[in-house]
1. Out of MET306, MET341, which single residue is touching a residue at least 60 places away in the same chain (Cβ under 8 Å), outside the structural domain of GLN208 (by TED's automatic domain parsing), of a type in the set (A, V, I, L, M) and under 20 Å from LYS197 (Cβ atoms)?
2. What number goes with the only condition from (1) open to solvent by 10 Å² or more (accessible area, probe 1.4 Å); (2) in contact with a Ser or Thr (Cβ under 7 Å, 6 or more places away or on another chain); (3) closer than 26 Å to ALA235 by Cα that ALA312 does not pass?
3. Determine if the range 347-361 includes at least one residue that is in the same structural domain as ASN389 (by TED's automatic domain parsing), in a loop (DSSP other than H, G, I, E, B), modelled with pLDDT of 90 or more and within 12 Å of the ligand (Cβ to nearest atom).
4. Find the residue count for the range 316-332, including only residues that are within 16 Å of the ligand (Cβ to nearest atom) and either open to solvent by 10 Å² or more (accessible area, probe 1.4 Å) or without any contact (Cβ under 8 Å) to a residue 12 or more places away in the chain (or both).
5. Does LEU167 fit the bill of being free of Cβ contacts under 8 Å to residues at least 40 places away in the same chain, out of contact with any Cys (no Cβ under 6 Å at 6 or more places or on another chain) and open to solvent by less than 10 Å² (accessible area, probe 1.4 Å)?
6. If you scan the range 310-343, which residues turn out to be in contact with a Gly (Cβ under 8 Å, 6 or more places away or on another chain) and more than 19 Å from ARG456 (Cβ to Cβ)?
7. Which ones in the range 299-314 are within 6 Å of the ligand (Cβ to nearest atom) and assigned to a loop (DSSP other than H, G, I, E, B)?
8. Select from the range 121-135 the residues that are buried (at least 19 other Cβ atoms within 10 Å of the Cβ) and either without any contact (Cβ under 8 Å) to a residue 60 or more places away in the chain or more than 24 Å from MET53 (Cα to Cα) (or both) and list them in ascending order.
Amino acid sequence: MFLTVTSTEKPATNLGYLLHKNPQRPQTHELTFGKAHVFYPVANDKKCTAVLMLDINSLDLARTRKKAYMGLFDYVNDRPYVSSSFLSVALSQVYSSAMAGRCKKKPELVDKKMRLKAVISMVKCKGGEEFIRKLFEPLGYSIAITSYMLDDKFEEWGKSPYYTINLENNCTLKQLLNHVYILLPVLDNKKHYWIGKDEVEKLLNHGQEWLAEHPDKSMIINRYLNYKKSFANIAFDVLTSEEETEEREERPVSEEALNLNQQRLGTVMAVLKSEGINSVIDLGCGEGKLLKMLQSDRQFNNIAGMDVSVTALERARDRLRLDDVPEFKRERINLFQGSLMYRDKRFSGYDAATVIEVIEHFDISRLAAFEKIVFGYARPRVVVITTPNFDYNKNYENLMEGNMRHRDHRFEWTGDQFQNWCLDICIKYRYSVRFIDIGDKDSRQITPTQMGVFKR
Ligand code: SAH
């Protein structure tokens, strides 16, 4: 089976630079399951085609399976002959630079949209032509599909589930390769290897830029992750939180006085300092505003920031100038992606955890999981949580009665609701709590933000 990529954008041989493969020189790459050959049947100014051909040895493939009993099917099957996750793995190894968008010699080509054609042969797809279109058409491809009879001599047996797919699009090479990388195993609906947590990372790595908008994203995620629900949930959270981050930018929380955020972070800092905290993890750190303050205070010698959104983390990295600061400063700060919905060893070992304006983004039904993860498993000595006070919303003139301050918020609690929840946590997890009001008081002595400071 093979994947061809053709450019007709003059000078078409630029494709060779983008793929990091010289059109004059055929190459062979050794993979764990066989060989991948790259060669160019055509390479001139007007047209350039690169072929990635996979040569899998069916006996080797069978032998790598560690099974007590090998049946005939382990030796005789379609795997060595179809474009499946094996081809995706080959792509990621042979075209890794192109997929990551690296091109040393002509970097300006990386983001250049070009008229590109690709042919993928042979794809097994039980969902048929309609399913293939459903995956690729929303990404802007025009598609031609060749189907095959199961056996030419026996027409009544009907069509086989195998297809050759011709794709055409005006896009960057990086986009095309990443689309194919993810969608191949989705079409085939099988993975030749064990699905671990790193598969979520791969999915996000190769799909982050386009998957969130795909109308069938949940089906793609589920199939790609072999229907592993917990993994699919993480991927889904990340992708939808990316959408939320973007929405947030469009609609700033204009209702809040500008300095409320500063007052909030100032209070968090004061609490951490007075509690003699040296190491702290900011859970749901967003773009790293609190981390920035922690970074410039020497009392804090071990700082971590965690968020579900990769985009937010990238912004935090910029804000903290992690790529510029000296090594000793960088070592104090660790940023990582995770989710407050899943137990994670990396949340443990800090004196304090801060959860600033985050809980209101959770579905209420998932709060119990959050409590268990922070107060039950991570169990830092101090936990600081802030959330909007719903009682204060009356003061926002342009907020309709009963509405919340932001459309990402799943709930906003009154003072009583928040305090009851906090007290309940104290009973369940053996903590004590005190409450601090943050922001300017209204005529009823209510403030816009409420804070709970928990101590073990
Ligand atoms: N604490 C920051 C950001 C608040 S916005 C600040 O005060 O500026 C809420 C943040 O929670 C977002 O960055 C969002 O990505 C993050 N978030 C939402 N759900 C999450 C989850 N399940 N796990 C971790 N972070 C989450």
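1. Details: MET306 fails: touching a residue at least 60 places away in the same chain (Cβ under 8 Å).
Exactly one residue qualifies, and that residue is MET341.
2. Condition (1) is where ALA312 drops out.
3. Looking through the range 347-361, at least one residue is in the same structural domain as ASN389 (by TED's automatic domain parsing), in a loop (DSSP other than H, G, I, E, B), modelled with pLDDT of 90 or more and within 12 Å of the ligand (Cβ to nearest atom).
4. 3
5. Here the answer is no, as LEU167 does not meet what is asked.
6. Step one: of the range 310-343, the residues in contact with a Gly (Cβ under 8 Å, 6 or more places away or on another chain) are 312-313, 315-317, 319-320, 333-336, 340.
Those that are in contact with a Gly (Cβ under 8 Å, 6 or more places away or on another chain) and more than 19 Å from ARG456 (Cβ to Cβ): ALA312, LEU313, ARG315, ALA316, ARG317, ARG319, LEU320, ILE333, ASN334, LEU335, PHE336.
7. Within the range 299-314, VAL308, SER309 meet the criteria.
8. ILE132
The values are calculated or read from the model by the stated rules, or taken from the named source; none is laboratory data. Bear in mind the structure is a predicted one, so any value in this text is a computation, not a measurement. Ideal geometry is used to build each Cβ from the backbone, glycine not excepted, and the neighbour counts take in all protein chains shown. Keep in mind that these areas ignore ligands, DNA and RNA; they rest on the heavy atoms of the full protein, side chains included. Shrake-Rupley method; radii C 1.70, N 1.55, O 1.52, S 1.80 Å.
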